[in-house]
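Asks: Mind looking over this structure? Questions follow.
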Amino acid sequence: MNKKLNLYYFGDIGVYDEYCPDYVCSKTYASEILYIIAENKPFTISDQEIIKTLKIEEDDFKNVINSLQNINLIDVKDNTYKVNFPVFLEKDLVILDRKLENIGNIIGDKIINNSELIYSKIKGLTSTNTFSKERLLYHIICDSIFDGTAFDYFSETDLFCISKSQPGNRDYIVIAYEDSKKVESHSNNLLCSSNNFRTNRFNFNSFGDSNGNRKDMYRVFRITQQSLENATNYESLNLSYIKILDVKNREISEQCGELILKIHDTNVIYEELTDTEKYLATFLIELNYLKIDEKSNFIRLEVPIIKEPDIAIIDEISLIILNDIFDVVKDLFSSFEVGTSDLTAIKHEVNIKEIANELWHQIFGLTNEYLGTVGFVESPKHIVGEGRYLKSFRAK
């Protein structure tokens, strides 16, 4: 079996089209080709060597290579290649483990030392009376801060970059890990992956590990779109329809958001909904955002809701935590610049601040695991085939 990469995207990957990395990298052999390029030194592996290794038709190979080059994931020189994004292979894990040893415990303990101040702040949140402080802190610290405000904070202090302009008017960063059991146990199981499906007013979020296909708004719509790639024999026709579907999906999500707000603000019985609202409610019940209370027959919101007034509270908690851990993170990044020349991404001369972006994911993933283990935040349960994750809903 050919080795391949698992790819992750952070930022605005845009509509599912020829400029979308999710679309390009889902092409047959794309991740295998990227693995071979990354595993070799820059511009040392030729097209014919890759074609021979994968036993791929030359036209199919060129189609994938052109697509990868079109979105700037690779550079091409005399039919040889290099990658333009951080890649971590099995052989890189020794370096990562050595550099990140105990970092989750160190940062986690600093946060717990501020627990009383943090607890006093969350009393004013919208969902305080309906969800435990551990559940709320999971979404606030593990996701909203570590996978949200921290990026702006550390970007402004020039520790790493959070933005990269991409072809097709997109702005995202790509990270990849070798697809292997060893890497999976090292990285995919960490609580550091945020899935978001955004509309003008709402954000349907799930946050957890990368070990499975979650049953969330983002994955449902992406998987549906991917299933239509080969719906007909006409690729451009399929993509055109997918673009239309993407617009409709956002309209549906906007309607779902309006219904969630209605249910949150008033007592709503399923039978009293309009036919359209019933369809939306059933969809949201299937996604575990809503539930019908068996005793009262009222529809109940199953996930914490974050409204606009909550943002100021989260920002206050963010500054408390990030100011307190800044020196630890800065010292770690400084030490990482020494003794890492053997890292795959360094060999391919990937921007060090893009690499540091992913290191932060590793750091806060390890911290989240620690906070969950000691019970400071809720630790999501594993669901077979889906991994560990919890959902939240944000409304402007």
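The values are calculated or read from the model by the stated rules, or taken from the named source; none is laboratory data. A quick note: this is a predicted structure, and the numbers were derived from the prediction, not measured. Glycine also receives a Cβ, built like all others from the backbone with ideal geometry; neighbour counts cover every protein chain displayed.
Asks: For the structure I just gave you, tell me whether ASP143 is of a type in the set (Asp, Glu), crowded, with 22+ Cβ neighbours inside 10 Å and in a helix (DSSP H, G or I).
Replies: yes
Asks: Let me ask you something else. (1) touching a helix residue (DSSP H, G or I) at 6+ places or on another chain (Cβ under 6 Å); (2) loosely packed, with under 15 Cβ neighbours inside 10 Å: which one isn't true of ILE299, the others all being true?
Replies: If we test ILE299 against (1) touching a helix residue (DSSP H, G or I) at 6+ places or on another chain (Cβ under 6 Å); (2) loosely packed, with under 15 Cβ neighbours inside 10 Å, just (2) comes out false.
Asks: Suppose we filter SER115, SER120 for residues that are over 28 Å from the mean Cα position of the chain (by Cα), at pLDDT 95 or above and surrounded by fewer than 19 Cβ atoms within 10 Å (Cβ to Cβ); which single one remains?
Replies: Answer to the check: SER120.
Asks: Can you list residue pairs whose Cβ atoms sit under 6 Å apart, with the first residue in segment 199-210 being more than 15 Å from PHE146 (Cβ to Cβ) and the second being surrounded by fewer than 19 Cβ atoms within 10 Å (Cβ to Cβ) and small (Gly, Ala, Ser)? Count only pairs 6 or more apart in sequence or on different chains.
Replies: Pairs that qualify, where the first residue is more than 15 Å from PHE146 (Cβ to Cβ) and the partner is surrounded by fewer than 19 Cβ atoms within 10 Å (Cβ to Cβ) and small (Gly, Ala, Ser), are PHE202/ALA395.
Asks: Output yes when any residue across segment 317-339 is within 30 Å of THR44 (Cα to Cα), modelled with pLDDT of 90 or more and among the β-branched types (Val, Ile, Thr), and no when none is.
Replies: There is no residue in segment 317-339 that is within 30 Å of THR44 (Cα to Cα), modelled with pLDDT of 90 or more and among the β-branched types (Val, Ile, Thr).
Asks: So for segment 304-321 (the condition being closer than 30 Å to HIS382 by Cβ, surrounded by 14 or more Cβ atoms within 10 Å (Cβ to Cβ) and polar (S, T, N, Q)), does at least one residue qualify?
Replies: yes
Asks: Out of segment 299-331, which residues are over 23 Å from the mean Cα position of the chain (by Cα) and farther than 18 Å from ASP152 by Cα?
Replies: Within segment 299-331, ILE299, ARG300, LEU301, PRO309, ASP331 meet the criteria.
Asks: Out of THR28, THR44, THR126, THR53, I need the residue that is touching a residue at least 40 places away in the same chain (Cβ under 8 Å), β-branched (Val, Ile, Thr) and not in a helix (DSSP H, G or I). Which one?
Replies: THR126
Asks: Here is a further query. Restricting segment 178-208 to residues that are charged (D, E, K, R) and more than 18 Å from LEU5 (Cβ to Cβ), which is surrounded by the fewest Cβ atoms within 10 Å (Cβ to Cβ)?
Replies: Once the filter is applied, the top-ranked residue is ARG201.
Asks: Ok, one more. Go through (1) among the aromatic types (Phe, Trp, Tyr); (2) out of contact with any Pro (no Cβ under 7 Å at 6 or more places or on another chain); (3) buried (at least 16 other Cβ atoms within 10 Å of the Cβ) one by one and return the number of the condition PHE326 breaks.
Replies: Result: PHE326 fails condition (3) only.
Asks: For segment 273-377, list the helices (runs of 4 or more DSSP H) that sit wholly inside it and hold at least 3 residues that are without any contact (Cβ under 8 Å) to a residue 40 or more places away in the chain and of a type in the set (Ser, Thr, Tyr); which are they?
Replies: Counting at least 3 such residues, we get 275-286.
Asks: From the list ASP60, ASP97, exactly one residue is touching a His at 6+ places or on another chain (Cβ under 9 Å) and exposed (fewer than 15 other Cβ atoms within 10 Å of the Cβ). Which is it?
Replies: Within the list ASP60, ASP97, the selection yields ASP97.
Asks: If CYS142 passes every condition in (1) at pLDDT 95 or above; (2) within 17 Å of ASN84 (Cα to Cα) but one, which one does it miss?
Replies: With (1) at pLDDT 95 or above; (2) within 17 Å of ASN84 (Cα to Cα) applied to CYS142, the lone miss is (2).
Asks: For segment 260-272, give me the residue count where each residue is over 29 Å from the mean Cα position of the chain (by Cα) and either in a helix (DSSP H, G or I) or buried (at least 18 other Cβ atoms within 10 Å of the Cβ) (or both).
Replies: Result for segment 260-272: 5.
Asks: Then there is this: Please state which of the following conditions PHE85 fails to meet, knowing it meets all the rest: (1) in contact with a Phe, Trp or Tyr (Cβ under 9 Å, 6 or more places away or on another chain); (2) under 30 Å from HIS186 (Cα atoms); (3) of a type outside the set (Lys, Arg); (4) not in a helix (DSSP H, G or I).
Replies: Checking PHE85 against (1) in contact with a Phe, Trp or Tyr (Cβ under 9 Å, 6 or more places away or on another chain); (2) under 30 Å from HIS186 (Cα atoms); (3) of a type outside the set (Lys, Arg); (4) not in a helix (DSSP H, G or I), the one that fails is (1).
Asks: Take PHE151 and tell me if it is surrounded by fewer than 23 Cβ atoms within 10 Å (Cβ to Cβ), modelled with pLDDT under 95 and assigned to a helix (DSSP H, G or I).
Replies: The answer is yes for PHE151.
Asks: Additional query: Checking GLU358 against (1) surrounded by fewer than 21 Cβ atoms within 10 Å (Cβ to Cβ); (2) of a type outside the set (Gly, Ala, Ser); (3) in contact with a strand residue (DSSP E or B) (Cβ under 7 Å, 6 or more places away or on another chain), which test does it fail?
Replies: (1)
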